[in-house]
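What follows draws every value from the coordinates through simple rules; no lab data is involved. Predicted model, so just to flag it, every value in this text is computed and none were measured. Cβ atoms come from the backbone with ideal geometry, glycine included; neighbour counts cover every protein chain shown.
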């Protein structure tokens, strides 16, 4: 592949493209150039860009004069895919959008389907409590990745090990409850797929103590660390006006001092019954967002403790909506050959109840019908406001599923945050936005 | 090397060099080169989507430590990497980039396609996703899963190590390459392979 | 003798349920009558007060499942949006995004753009919906009102082909720059390939037999 720098004349002056192996030629030509504007391409394959994000930086020395994001390298067409599957199968697609917080994708989608069906108040309380608990655990695991990879990109390697160590414990909880560590498809329209196995709540209570102790490891390493502060204070500045007009939500918005958290302002899934604080900072910079994420971990633990108390009281309650024409029929249990339909359920549908057999068959193959209409259901994901805009035409398949992805909106603000600063600050700013490219590109 | 190598009379006798008769070891160049290559395989950071998170877990979480194989150094620059673990779905926009990164890697290089999406397009059978990264680059080992657990990735890496340790060099390699290509050209498409009892 | 296909003498769709006579019309929301309930009356009244040409600009008001949707004529979209953002009593400061929807049966109104609005001051939500024909898919851009709609409009253009007039840089954002067609339109195929198994192929999801 011969790649020699060619210069071409444009309205912006002479442009030289450097693709490698030709530095001598370029250097000799550039030596005579008067202006020194360089366009550097970071990505899409780059360790510091949080996935396949392409940053095009126009530099003058080390200072950035213009920044543009190139996205779409992970566009999967998930939204179009859901139009060819039933409403319940949509959960497995939608869960893979924001792959660091899959349960939030599932919850917002299921809340939308339930709103279209009109069964929001019929979802059993135990299912809502389990949803809240799993979401808060997901918030913890997502923030751990954000902290770990953010620190790694700025050169601090140990926090990543601590963060992923704690994250493994949370993933063990996910595995115990739903069977999978990631992309669980656990939250289904009408409730959750199956109930918690025995001993889960007790194990979680032990885990909370452990996590609370170990979160201090990362805090001790980074909070007050002079190198960390030098790299993150005053970096990636975006004030309230900028956030509001760009539609930025989540920790970035809360770092401006605005206490906007959908769990408090527009609660869903019973969040109004939990006691927790909305964490804000007032420095509008990367350090503020980092502090917010660290403190949100503690708040999530508080919520999970309250969930455990509620679950103990609701022992034995159903976890799926009572309407058999919508409820996911399978009762799964662990048998000799893995996870499958429990023998009790099979005995019931094959021997006892013809209706149960018909429901099982129709709901799994055809799916339930959702009355026509459109809804928008937002939740507060670790990155900001994640909303599902669902349009139904009355059939068993979605007509249109559009996700308002927080990373997509938040990533627009990189230009506002980084133009005028140094290249190293871009890495810190992007890390503080915490974009997940699956969410951005869908 | 036998497992009961340590004779703890206060003397550590566990090294290979202690076992050699008269200090000579006979092996083939292929085996020696394979041994060296497989024990210091450096992956390139090519995490695309969800599988990348499991790849990060295998690299940094306490339980699934690939440093014991010398592989925790994920090289950012493909020029310094041996193994490209394509972790995640490859979209049509990303495909030329995948090819370019693969081309930039220096031989010997291997590709591990991690996850269902990289191996075959996975659950995303649509306009945006390349149905298997082997449409773009030659893959040495496929790892199914959505996403595959870190232990599964470890297993795939170990199988790849075995494969690398037994790779042929020089004339033998050229012969194998020709044989594989001929068999691939002569192969029946999968859906035309007759099933028992049915006429093809 | 006529050719027989299949074991059960299937003719037509093969639907033996007896419900084959059921015909469902395509969905189009009915305009709601006042009072709308909750804060919707306040919002529409305030908008009428602040925007005198209210009846000219608003095609219909839909209140469904606890959500307010205003269908707006595309020529008046910019003014309505600015009024919604600037009026003290409305203050919809945040636009959460633009979502495109394609209704091919709705002739002359096939492409819809749905704007989701949030008022943090008053803790309210509402939605604006604009329709445009496929033959002339132009909608005024709202980037000057809410800067965050920049990328969302680019996505709507990329996926549906809606052209936003006044957008600073309307180019493809998710698909490669030279991709032909607009993928999320209903007439664009899903684009999958048949999956090969030993002895059979399974067609891609949009070509399979299915229950609808």
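Counting helices only, and only those DSSP H runs with n ≥ 4, report the 222 nm mean residue ellipticity of chain B as the sum of -39,500 (n - 2.57) divided by its residues, in deg cm²/dmol to the nearest 500. Taking each H run of at least 4 residues, the total per residue is -11000 deg cm²/dmol.
Which residues among the range C:60-82 fall inside the zone where the amide N is under 19 Å from a point 7 Å beyond the Cα of residue C:49, along Cα→Cβ? Hits in the range C:60-82 for residue C:49 at 19 Å: C:80-82.
Neighbour counts of C-beta atoms inside 10 Å place A:228, B:110, C:179, A:87 in the sequence C:179, A:228, B:110, A:87, starting with the fewest.
Counting only other chains, and only Cβ atoms inside 10 Å, what mean value do you get across the residues of C:88-97?
Taking the mean over all residues of the peptide, I get 4.
Distance between the pseudo-spin-label points of residue B:184 and residue C:208 (7 Å out from Cα toward the beta carbon): 3.0 nm.
Quick one, what does Rg over Rh come out to for the range B:37-183 if you take C-alpha atoms and the Kirkwood Rh? Don't skip to the end; give the middle numbers.
Details: Rg = 14.9 Å, Rh = 15.5 Å.
That ratio is 0.96, to two decimals.
Based on other C-beta atoms within 10 Å, arrange C:53, C:59, A:296, C:153 from fewest to most.
Numbers: C:53 12, C:59 17, A:296 22, C:153 27.
The order, fewest Cβ neighbours first, is C:53, C:59, A:296, C:153.
Computed from the C-beta positions of residue B:24 and residue B:175 and an R0 of 22 Å, the FRET efficiency is 0.15 to the nearest 0.05. Mean per-residue shielding of peptide A:395-402 is 5, counting Cβ atoms of other chains within 10 Å of each Cβ. Once both labels are positioned 7 Å from their Cα atoms along Cα-to-Cβ, the gap between residue C:39 and residue C:201 label points is 5.5 nm. Every pair of different Cα atoms in the range C:40-207 enters the Kirkwood calculation, which places the hydrodynamic radius at 17.4 Å. For the segment A:93-101, counting C-beta atoms of other chains within 10 Å of every residue's C-beta and taking the mean gives 3.
Would you kindly calculate the translational diffusion coefficient of the protein assembly as shown, applying Stokes-Einstein with the Kirkwood radius from alpha carbon pairs, for 4 °C and a viscosity of 1.567 mPa s, and quote it in µm² s⁻¹ without decimals?
On the way: Rh = 29.4 Å.
Result for D is 44 µm²/s.
Among C:166, C:148, C:66, the largest mean-square fluctuation in a Gaussian network model of chain C (Cα springs under 10 Å) belongs to C:66. Its DSSP H runs of at least 4 residues, each contributing -39,500 (n - 2.57), put the calculated 222 nm mean residue ellipticity of chain A at -14000 deg cm²/dmol, to the nearest 500. Springs join every pair of Cα atoms under 10 Å in this Gaussian network model of chain C, and among C:105, C:129, C:42 the largest mean-square fluctuation is at C:105. At q = 0.07, 0.09, 0.10 Å⁻¹ the log10 of I(q)/I(0) for chain A amounts to -0.40, -0.63, -0.75, computed by Debye summation with a single uniform scatterer per C-alpha, solvent ignored. For residue A:226 and residue A:317 in the same chain, what is the full-extension length gain: residue separation times 0.36 nm, less their Cα-Cα distance, in nm? So the extension gain works out to 27.6 nm.
Which whole-number percent is the relative contact order of chain C (Cα, under 8 Å, 6+ apart)?
13 percent
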